[in-house]
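Heads up: the structure comes next, in structure tokens.
The values are calculated or read from the model by the stated rules, or taken from the named source; none is laboratory data. Values in this document were obtained by computation on a predicted structure and should not be read as measured data. Cβ sites come from the backbone with ideal geometry, for glycine too, and all protein chains shown count toward neighbours.
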Amino acid sequence: MRYLLLALPLFLVRDLNAQDLVASCRRMDSLNTAILLQKIPRAAAAARFRQLMGEIAVEAPRAVAAAAGSARPAAAPPAGASRPAAAAPHPAASPAAPIWDFPLRGYTYRAIGGTNGNGYSDKGYRYLDGNAHLAHPAHDIFITDKDQDQMDDRTGKPVDVLAVEDGVVIACCDTWDVHSPLRGGRYIWLYHPKSGLLTYYAHNRMILVAPGGVVRQGQKIAEVGRTGFNAYPHRSPTHLHFSSFRLVDGLPVPFNGYDLLKKAKTI
């Protein structure tokens, strides 16, 4: 009985940490929307993003470890202790290159548009520009969908979008209107605490996650679709728009993830 009583505070601490993470991610989701719509000054947006990303960087590793079933009990803080200060977000370079799962079930890097990843271009891109951003810091991964019904022509079924690593949903959008000028459509942003990277999945027909949710590597998070200003018209083949980012000075800076996609495991 004594051991049970000692364990209870640990469960309460974990529950509070989970609530903190969800709250931080919901605030990040709101901020991301404001940035996307250019409804917040750049300086204020940058400061707020750094603050929230710092909070998430503290809270996410424990949540991901718990979801993986490998969390070790942490010592309960003293009575009356305040919440730990947020650590600085991960540096620009990750300690080691992650091994990804390919973000489309049943597909390989050969479905990536262009030649050897040359569809990627990040010159002039800035996250804080929102929907007005320049360049194409992404890889478009095309599915077999000649009739553009958002179904794989080989199976007659939707194509699953998968999380490339364990992570946390920091922003997403599950609504879209064909008259919207927004380019991403239904999108998802994930933060991956092990590598310190962010990944972005856009143009989905539907999403299956919410801000603060923990996802496992290879987990289905969405289905490939045609949402978004440029993805919806007939001229655009059905594809997933996939981007990867490092945190540099606390803000997302894109990098070419082609080599990681090329080495990724197909599920």
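Being charged (D, E, K, R) and either modelled with pLDDT under 95 or on the phi > 0 side of the Ramachandran plot (or both) is the requirement here; does ASP177 meet it? Criteria met by ASP177. For the range 126-162, a residue qualifies if it is out of contact with any Ser or Thr (no Cβ under 6 Å at 6 or more places or on another chain), of a type in the set (Val, Ile, Thr) and surrounded by 14 or more Cβ atoms within 10 Å (Cβ to Cβ), and the qualifying residues are ILE141, THR144, VAL159, VAL161. If the condition is being over 27 Å from ALA65 (Cβ atoms) and out of contact with any Phe, Trp or Tyr (no Cβ under 8 Å at 6 or more places or on another chain), then the range 150-173 contributes GLN150, MET151, ASP152, ASP153, ARG154, THR155, GLY156, LYS157, PRO158. Of the residues making up the range 122-147, those that are part of a loop (DSSP other than H, G, I, E, B), within 17 Å of GLY184 (Cβ to Cβ) and either touching a residue at least 24 places away in the same chain (Cβ under 8 Å) or among the hydrophobic types (A, V, I, L, M, F, W, C) (or both) are ASP122, TYR125, LEU134, ALA135, PRO137, ALA138. One residue stands out in the range 224-243 among those that are touching a residue at least 60 places away in the same chain (Cβ under 8 Å) and among the small types (Gly, Ala, Ser): the one that is surrounded by the most Cβ atoms within 10 Å (Cβ to Cβ), namely GLY225. Give the range 94-121 a look and list any residue that's among the hydrophobic types (A, V, I, L, M, F, W, C), crowded, with 19+ Cβ neighbours inside 10 Å and in a loop (DSSP other than H, G, I, E, B), or say none. If the condition is that a residue be among the hydrophobic types (A, V, I, L, M, F, W, C), crowded, with 19+ Cβ neighbours inside 10 Å and in a loop (DSSP other than H, G, I, E, B), then TRP100, PHE102 are the ones that fit.
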